[in-house]
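Written below as C-alpha coordinates is the structure these notes are about.
The values are calculated or read from the model by the stated rules, or taken from the named source; none is laboratory data. Only a predicted model underlies this, so the values are computations on that prediction, with no experimental measurement involved. Cβ placement follows ideal geometry from the backbone for every residue including glycine, while neighbour counts extend to all protein chains displayed.
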Amino acid sequence: MATSLEALKEITQVIADTADFVAIKPYSVQEATTNPIIILQSASLPQYKNILHKAVQYGQNTGRNNKEVIENTMDMINVLFGEEILKVVKYRVHIQLDPRLAFNISLSVERALKIVKMFSERGIDKNHVVIKLPSTWEGIQAANILEKNHHVNCNMTTMFSLTQTAACAEAGVSYLAPFVGRISLWYKEKSRETGRHEGVEILKTIQTYLRKFDYRTKVMGAYFINAEEVGAVAGCDLATLPVALLEDFAKNNHPVTDEMAKDPKSSNLEKLVLDEARFRWLMNEDEMATELLAEILGVFSSHYIELENIVKEMVKLSK
Ligand SMILES: O=C(CO)[C@@H](O)[C@H](O)[C@H](O)[C@H](O)COP(=O)(O)O
(Lines give C-alpha, C1' and ligand atoms only; values in the text may rest on other atoms or scores of the structure.)
Protein backbone atom coordinates (compact mmCIF):
# COMPACT_ATOMS: atom_id res chain seq x y z
CA MET A 1 0.00 0.00 0.00
CA ALA A 2 1.25 3.51 -0.84
CA THR A 3 2.24 5.62 2.16
CA SER A 4 0.62 9.00 2.82
CA LEU A 5 3.89 10.57 1.74
CA GLU A 6 3.71 8.80 -1.63
CA ALA A 7 0.05 9.81 -2.00
CA LEU A 8 0.93 13.43 -1.24
CA LYS A 9 3.81 13.37 -3.72
CA GLU A 10 1.34 12.35 -6.46
CA ILE A 11 -0.40 15.73 -6.27
CA THR A 12 2.12 18.09 -4.65
CA GLN A 13 5.86 18.26 -5.04
CA VAL A 14 7.07 17.51 -1.52
CA ILE A 15 10.41 18.98 -0.53
CA ALA A 16 12.44 19.18 2.70
CA ASP A 17 12.60 22.19 5.04
CA THR A 18 16.00 21.42 6.57
CA ALA A 19 19.75 21.64 6.08
CA ASP A 20 20.31 18.28 7.77
CA PHE A 21 21.36 16.53 4.57
CA VAL A 22 21.82 13.17 6.30
CA ALA A 23 18.29 13.23 7.74
CA ILE A 24 16.71 14.02 4.32
CA LYS A 25 18.14 10.93 2.60
CA PRO A 26 15.31 8.42 3.23
CA TYR A 27 12.60 10.67 1.77
CA SER A 28 13.72 11.00 -1.88
CA VAL A 29 12.90 14.66 -2.33
CA GLN A 30 14.13 16.82 -5.22
CA GLU A 31 14.61 20.12 -3.39
CA ALA A 32 15.33 21.50 0.06
CA THR A 33 14.71 24.89 1.63
CA THR A 34 16.89 26.50 4.27
CA ASN A 35 16.59 29.65 6.36
CA PRO A 36 18.78 31.26 9.05
CA ILE A 37 17.10 29.18 11.80
CA ILE A 38 17.66 25.96 9.91
CA ILE A 39 21.29 26.84 9.05
CA LEU A 40 22.06 27.80 12.66
CA GLN A 41 20.52 24.51 13.90
CA SER A 42 22.64 22.41 11.55
CA ALA A 43 25.78 24.49 11.95
CA SER A 44 25.53 23.92 15.72
CA LEU A 45 25.58 20.12 15.35
CA PRO A 46 28.97 18.58 16.19
CA GLN A 47 28.89 16.39 13.07
CA TYR A 48 28.79 19.50 10.82
CA LYS A 49 31.51 21.51 12.65
CA ASN A 50 33.92 20.80 9.77
CA ILE A 51 31.68 22.91 7.50
CA LEU A 52 32.10 25.90 9.81
CA HIS A 53 35.88 25.46 9.93
CA LYS A 54 36.12 25.22 6.15
CA ALA A 55 33.97 28.34 5.76
CA VAL A 56 36.03 30.34 8.28
CA GLN A 57 39.19 29.38 6.40
CA TYR A 58 37.58 30.61 3.16
CA GLY A 59 36.49 33.85 4.84
CA GLN A 60 39.99 34.49 6.16
CA ASN A 61 41.59 33.77 2.77
CA THR A 62 39.23 36.00 0.81
CA GLY A 63 38.17 38.82 3.16
CA ARG A 64 40.16 42.06 2.89
CA ASN A 65 38.90 43.33 6.23
CA ASN A 66 37.01 42.02 9.26
CA LYS A 67 33.58 42.77 7.76
CA GLU A 68 34.41 40.85 4.58
CA VAL A 69 35.90 37.92 6.52
CA ILE A 70 32.63 37.50 8.43
CA GLU A 71 30.39 38.09 5.40
CA ASN A 72 32.34 35.70 3.17
CA THR A 73 32.33 33.07 5.93
CA MET A 74 28.55 33.37 6.40
CA ASP A 75 27.97 33.06 2.66
CA MET A 76 30.31 30.08 2.44
CA ILE A 77 28.49 28.31 5.32
CA ASN A 78 25.30 28.56 3.25
CA VAL A 79 27.09 27.45 0.07
CA LEU A 80 28.75 24.44 1.76
CA PHE A 81 25.48 23.27 3.32
CA GLY A 82 23.86 23.83 -0.07
CA GLU A 83 26.50 21.75 -1.79
CA GLU A 84 26.03 18.84 0.66
CA ILE A 85 22.23 19.08 0.37
CA LEU A 86 22.48 18.96 -3.44
CA LYS A 87 24.34 15.64 -3.23
CA VAL A 88 21.14 14.23 -1.72
CA VAL A 89 18.28 16.20 -3.29
CA LYS A 90 19.88 16.55 -6.76
CA TYR A 91 17.64 19.31 -8.17
CA ARG A 92 17.50 22.54 -6.14
CA VAL A 93 18.59 24.04 -2.86
CA HIS A 94 17.02 27.25 -1.55
CA ILE A 95 19.37 29.66 0.23
CA GLN A 96 18.07 32.66 2.17
CA LEU A 97 19.79 36.05 2.02
CA ASP A 98 20.94 37.93 5.12
CA PRO A 99 17.55 39.12 6.53
CA ARG A 100 18.99 42.58 7.23
CA LEU A 101 19.01 43.23 3.46
CA ALA A 102 15.18 43.07 3.44
CA PHE A 103 14.76 46.74 2.52
CA ASN A 104 17.75 47.19 0.22
CA ILE A 105 17.26 46.33 -3.47
CA SER A 106 20.80 46.82 -4.78
CA LEU A 107 22.56 45.07 -1.89
CA SER A 108 20.12 42.13 -2.14
CA VAL A 109 20.86 41.72 -5.84
CA GLU A 110 24.61 42.04 -5.28
CA ARG A 111 24.65 39.49 -2.45
CA ALA A 112 22.45 37.03 -4.33
CA LEU A 113 24.72 37.19 -7.38
CA LYS A 114 27.75 36.71 -5.14
CA ILE A 115 26.24 33.55 -3.62
CA VAL A 116 25.29 32.20 -7.07
CA LYS A 117 28.88 32.85 -8.22
CA MET A 118 30.29 31.05 -5.17
CA PHE A 119 28.18 28.01 -6.08
CA SER A 120 29.30 28.21 -9.70
CA GLU A 121 32.99 28.36 -8.62
CA ARG A 122 32.32 25.03 -6.91
CA GLY A 123 30.88 23.57 -10.12
CA ILE A 124 27.19 24.07 -9.26
CA ASP A 125 25.07 25.65 -11.98
CA LYS A 126 22.67 28.45 -11.00
CA ASN A 127 19.73 26.34 -12.13
CA HIS A 128 20.31 24.22 -9.01
CA VAL A 129 20.25 27.22 -6.68
CA VAL A 130 17.25 29.29 -5.55
CA ILE A 131 17.71 32.54 -3.67
CA LYS A 132 15.17 33.18 -0.92
CA LEU A 133 14.20 36.80 -0.35
CA PRO A 134 11.62 38.38 1.95
CA SER A 135 8.31 39.51 0.45
CA THR A 136 8.92 43.18 1.21
CA TRP A 137 8.50 45.68 -1.62
CA GLU A 138 12.30 45.87 -1.93
CA GLY A 139 12.76 42.10 -1.74
CA ILE A 140 10.24 41.69 -4.55
CA GLN A 141 11.97 44.31 -6.74
CA ALA A 142 15.33 42.62 -6.12
CA ALA A 143 13.80 39.28 -7.15
CA ASN A 144 12.43 40.88 -10.32
CA ILE A 145 15.95 42.04 -11.27
CA LEU A 146 17.46 38.66 -10.40
CA GLU A 147 14.88 36.66 -12.37
CA LYS A 148 14.65 38.94 -15.43
CA ASN A 149 18.20 40.24 -15.84
CA HIS A 150 20.25 37.37 -14.40
CA HIS A 151 18.01 34.28 -14.72
CA VAL A 152 18.44 33.54 -11.03
CA ASN A 153 15.54 31.56 -9.49
CA CYS A 154 13.93 33.30 -6.53
CA ASN A 155 11.69 32.08 -3.74
CA MET A 156 9.75 34.69 -1.78
CA THR A 157 9.56 33.97 1.92
CA THR A 158 7.69 35.71 4.78
CA MET A 159 4.59 35.56 2.58
CA PHE A 160 1.21 36.16 4.23
CA SER A 161 -1.12 37.91 1.79
CA LEU A 162 -2.61 38.25 -1.66
CA THR A 163 -1.06 41.73 -1.89
CA GLN A 164 2.44 40.24 -1.57
CA THR A 165 1.46 37.45 -3.96
CA ALA A 166 0.23 39.82 -6.67
CA ALA A 167 3.44 41.85 -6.56
CA CYS A 168 5.61 38.69 -6.61
CA ALA A 169 3.68 37.21 -9.53
CA GLU A 170 4.10 40.39 -11.59
CA ALA A 171 7.80 40.35 -10.70
CA GLY A 172 8.00 36.92 -12.34
CA VAL A 173 9.41 35.04 -9.34
CA SER A 174 9.76 31.26 -9.54
CA TYR A 175 8.28 30.39 -6.11
CA LEU A 176 6.47 31.99 -3.21
CA ALA A 177 6.00 30.40 0.18
CA PRO A 178 2.93 31.23 2.31
CA PHE A 179 3.51 30.49 6.03
CA VAL A 180 0.42 28.33 6.61
CA GLY A 181 0.77 27.49 10.31
CA ARG A 182 2.13 30.84 11.40
CA ILE A 183 -0.83 32.71 9.89
CA SER A 184 -3.35 30.61 11.84
CA LEU A 185 -1.34 30.96 15.03
CA TRP A 186 -1.56 34.74 14.66
CA TYR A 187 -5.36 34.55 14.69
CA LYS A 188 -5.24 32.29 17.76
CA GLU A 189 -2.80 34.54 19.61
CA LYS A 190 -5.05 37.54 18.95
CA SER A 191 -8.17 35.54 19.94
CA ARG A 192 -9.63 36.34 16.55
CA GLU A 193 -10.33 32.82 15.41
CA THR A 194 -12.83 32.74 12.61
CA GLY A 195 -13.69 29.05 12.66
CA ARG A 196 -11.63 28.59 9.51
CA HIS A 197 -7.94 27.74 9.26
CA GLU A 198 -6.83 31.15 7.99
CA GLY A 199 -3.38 29.96 6.85
CA VAL A 200 -4.94 27.20 4.75
CA GLU A 201 -7.54 29.61 3.31
CA ILE A 202 -4.90 32.17 2.31
CA LEU A 203 -2.76 29.53 0.63
CA LYS A 204 -5.78 28.29 -1.34
CA THR A 205 -6.65 31.83 -2.45
CA ILE A 206 -3.04 32.44 -3.49
CA GLN A 207 -2.93 29.18 -5.48
CA THR A 208 -6.24 30.00 -7.20
CA TYR A 209 -5.05 33.52 -8.06
CA LEU A 210 -1.83 32.30 -9.66
CA ARG A 211 -3.60 29.54 -11.62
CA LYS A 212 -6.48 31.79 -12.70
CA PHE A 213 -4.14 34.39 -14.23
CA ASP A 214 -1.61 31.82 -15.58
CA TYR A 215 1.41 33.12 -13.71
CA ARG A 216 4.57 31.00 -13.86
CA THR A 217 5.06 31.42 -10.09
CA LYS A 218 4.70 28.22 -8.05
CA VAL A 219 3.15 28.12 -4.58
CA MET A 220 5.21 26.38 -1.92
CA GLY A 221 3.33 25.80 1.33
CA ALA A 222 5.72 26.43 4.26
CA TYR A 223 5.79 26.76 8.07
CA PHE A 224 3.55 23.79 8.79
CA ILE A 225 2.81 23.04 12.43
CA ASN A 226 1.07 19.69 11.99
CA ALA A 227 0.08 17.03 9.47
CA GLU A 228 -3.54 18.25 9.26
CA GLU A 229 -2.35 21.57 7.83
CA VAL A 230 -0.30 19.76 5.19
CA GLY A 231 -3.25 17.55 4.25
CA ALA A 232 -5.49 20.62 4.02
CA VAL A 233 -3.30 22.18 1.31
CA ALA A 234 -2.63 18.98 -0.64
CA GLY A 235 -2.77 19.73 -4.35
CA CYS A 236 -0.85 23.01 -4.12
CA ASP A 237 2.27 23.16 -6.31
CA LEU A 238 4.86 22.36 -3.64
CA ALA A 239 5.05 21.86 0.13
CA THR A 240 8.24 22.13 2.16
CA LEU A 241 8.14 19.88 5.23
CA PRO A 242 10.48 19.62 8.22
CA VAL A 243 11.96 16.16 8.72
CA ALA A 244 9.50 15.36 11.54
CA LEU A 245 6.53 15.85 9.17
CA LEU A 246 8.21 13.92 6.34
CA GLU A 247 8.61 11.06 8.80
CA ASP A 248 5.03 11.43 10.04
CA PHE A 249 3.67 11.20 6.46
CA ALA A 250 5.94 8.26 5.66
CA LYS A 251 4.86 6.29 8.76
CA ASN A 252 1.27 7.27 9.56
CA ASN A 253 -1.95 7.21 7.68
CA HIS A 254 -3.06 10.74 6.77
CA PRO A 255 -5.94 11.35 4.35
CA VAL A 256 -4.65 13.00 1.19
CA THR A 257 -7.02 14.48 -1.41
CA ASP A 258 -6.59 17.43 -3.75
CA GLU A 259 -7.95 20.42 -1.80
CA MET A 260 -7.22 23.12 -4.37
CA ALA A 261 -9.92 24.85 -6.48
CA LYS A 262 -10.97 22.53 -9.31
CA ASP A 263 -11.73 25.38 -11.69
CA PRO A 264 -9.55 28.38 -10.78
CA LYS A 265 -10.56 30.22 -13.96
CA SER A 266 -14.12 30.54 -12.70
CA SER A 267 -13.12 32.09 -9.36
CA ASN A 268 -14.23 35.67 -8.79
CA LEU A 269 -10.76 36.86 -7.77
CA GLU A 270 -9.78 40.01 -9.62
CA LYS A 271 -6.31 40.94 -10.73
CA LEU A 272 -4.58 43.27 -8.29
CA VAL A 273 -2.69 46.06 -10.03
CA LEU A 274 -0.05 47.43 -7.71
CA ASP A 275 2.57 50.11 -7.63
CA GLU A 276 4.75 50.75 -4.60
CA ALA A 277 2.32 53.14 -2.93
CA ARG A 278 -0.65 50.79 -3.38
CA PHE A 279 1.38 47.79 -2.17
CA ARG A 280 2.45 49.65 0.96
CA TRP A 281 -1.09 50.90 1.61
CA LEU A 282 -2.66 47.45 1.26
CA MET A 283 0.00 45.99 3.55
CA ASN A 284 -0.70 48.77 6.02
CA GLU A 285 -4.37 47.76 5.98
CA ASP A 286 -3.46 44.12 6.64
CA GLU A 287 -2.54 43.93 10.32
CA MET A 288 -1.68 40.23 10.21
CA ALA A 289 0.67 40.47 7.23
CA THR A 290 2.36 43.61 8.52
CA GLU A 291 2.91 42.21 12.02
CA LEU A 292 4.10 38.81 10.88
CA LEU A 293 6.44 40.27 8.27
CA ALA A 294 8.15 42.38 10.93
CA GLU A 295 8.15 39.61 13.53
CA ILE A 296 9.55 36.85 11.35
CA LEU A 297 12.17 39.06 9.73
CA GLY A 298 13.29 39.79 13.29
CA VAL A 299 13.40 36.09 14.18
CA PHE A 300 15.39 35.27 11.04
CA SER A 301 17.83 38.11 11.65
CA SER A 302 18.39 37.17 15.31
CA HIS A 303 19.35 33.64 14.22
CA TYR A 304 21.56 34.99 11.44
CA ILE A 305 23.35 37.22 13.99
CA GLU A 306 23.71 34.32 16.43
CA LEU A 307 25.60 32.34 13.79
CA GLU A 308 27.62 35.42 12.88
CA ASN A 309 28.67 35.71 16.55
CA ILE A 310 29.81 32.08 16.54
CA VAL A 311 31.82 32.84 13.40
CA LYS A 312 33.35 35.97 15.00
CA GLU A 313 34.54 33.87 17.97
CA MET A 314 36.02 31.24 15.64
CA VAL A 315 37.84 33.93 13.63
CA LYS A 316 39.24 35.46 16.85
CA LEU A 317 40.43 32.10 18.17
CA SER A 318 42.15 31.14 14.93
CA LYS A 319 44.19 34.39 14.82
O1 LIG B 1 10.00 29.87 3.51
C2 LIG B 1 10.35 28.71 3.47
C3 LIG B 1 10.52 28.00 2.22
O4 LIG B 1 10.47 28.87 1.17
C5 LIG B 1 10.60 27.94 4.71
O6 LIG B 1 11.94 27.49 4.76
C7 LIG B 1 10.25 28.73 5.96
O8 LIG B 1 11.29 29.63 6.24
C9 LIG B 1 10.01 27.79 7.11
O10 LIG B 1 9.02 26.87 6.77
C11 LIG B 1 9.54 28.54 8.34
O12 LIG B 1 10.31 29.66 8.57
C13 LIG B 1 9.58 27.66 9.55
O14 LIG B 1 10.90 27.30 9.77
P15 LIG B 1 11.42 26.80 11.19
O16 LIG B 1 11.07 27.84 12.21
O17 LIG B 1 10.70 25.52 11.44
O18 LIG B 1 12.89 26.63 10.98
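Here are the numbers:
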| read-out | value |
| --- | --- |
| Residue ID - nearest to the ligand (Cβ to nearest atom), chosen from residues in the stretch 44-56 that are without any contact (Cβ under 8 Å) to a residue 40 or more places away in the chain and either in contact with a Cys (Cβ under 8 Å, 6 or more places away or on another chain) or part of a helix (DSSP H, G or I) (or both) | Tyr48 |
| Subset of the stretch 20-43 that is touching a residue at least 40 places away in the same chain (Cβ under 8 Å) and closer than 26 Å to Ser318 by Cα - its residue that is farthest from the ligand (Cβ to nearest atom) | Ala43 |
| Candidate set: the stretch 1-43, residues that are of a type outside the set (S, T, N, Q), assigned to a loop (DSSP other than H, G, I, E, B) and modelled with pLDDT of 95 or more; chosen: the one farthest from Cys154 (Cα to Cα) | Asp20 |
| Members of the stretch 169-182 found to be within 12 Å of the ligand (Cβ to nearest atom) and either assigned to a helix (DSSP H, G or I) or without any contact (Cβ under 8 Å) to a residue 40 or more places away in the chain (or both), listed by number | Val180, Gly181, Arg182 |
| Near pairs, Cβ below 7 angstrom, 6+ apart or cross-chain, from the stretch 96-116 (of a type in the set (D, E, K, R)) to any residue that is assigned to a loop (DSSP other than H, G, I, E, B) and modelled with pLDDT of 95 or more | Arg111/Leu97; Arg111/Asp98 |
| Residue within the stretch 129-144 that is free of Cβ contacts under 8 Å to residues at least 12 places away in the same chain and over 18 Å from Leu86 (Cβ atoms) present | no |
| Which listed residue, of Ala227, Ala167, Ala232, is crowded, with 23+ Cβ neighbours inside 10 Å and either closer than 23 Å to Ile37 by Cβ or at pLDDT 95 or above (or both) | Ala167 |
| Test: residue in the stretch 203-222 that is among the β-branched types (Val, Ile, Thr), over 24 Å from Lys271 (Cβ atoms) and more than 14 Å from the ligand (Cβ to nearest atom) | no |
| Scope the stretch 54-66; condition under 26 Å from the mean Cα position of the chain (by Cα) and surrounded by fewer than 16 Cβ atoms within 10 Å (Cβ to Cβ); matching residues | Lys54 |
| Residue identified as of a type outside the set (D, E, K, R), out of contact with any Ser or Thr (no Cβ under 8 Å at 6 or more places or on another chain) and within 16 Å of the ligand (Cβ to nearest atom) among Leu185, Leu133 | Leu185 |
| Residue list for the stretch 51-107, filter: over 30 Å from Leu241 (Cβ atoms) and among the basic types (Lys, Arg) | Arg64, Lys67 |
| The stretch 76-125, residues that are buried (at least 22 other Cβ atoms within 10 Å of the Cβ), part of a helix (DSSP H, G or I) and not hydrophobic (A, V, I, L, M, F, W, C) | Asn78, Gly82, Pro99, Ser108 |
| Evaluation of Gly235 against (1) at positive phi; (2) within 16 Å of the ligand (Cβ to nearest atom) (one fails), failing number | (2) |
| Gly139 vs. criteria under 18 Å from the mean Cα position of the chain (by Cα) and not β-branched (Val, Ile, Thr) | yes |
| Extreme residue, farthest from the chain's Cα centre (by Cα), among residues of the stretch 96-128 that are over 26 Å from Glu84 (Cα atoms) and not aliphatic (A, V, I, L, M) | Ser106 |
| Count - residues of the stretch 273-301 that are over 18 Å from Glu189 (Cα atoms), of a type in the set (Asp, Glu) and not in a helix (DSSP H, G or I) | 1 |
| Members of the stretch 216-233 found to be in a strand (DSSP E or B) and not charged (D, E, K, R), listed by number | Val219, Met220, Gly221, Ala222 |
| Residue match in the stretch 191-201 (condition: touching a residue at least 24 places away in the same chain (Cβ under 8 Å) and either out of contact with any helix residue (DSSP H, G or I) (no Cβ under 8 Å at 6 or more places or on another chain) or within 16 Å of the ligand (Cβ to nearest atom) (or both)) | yes |
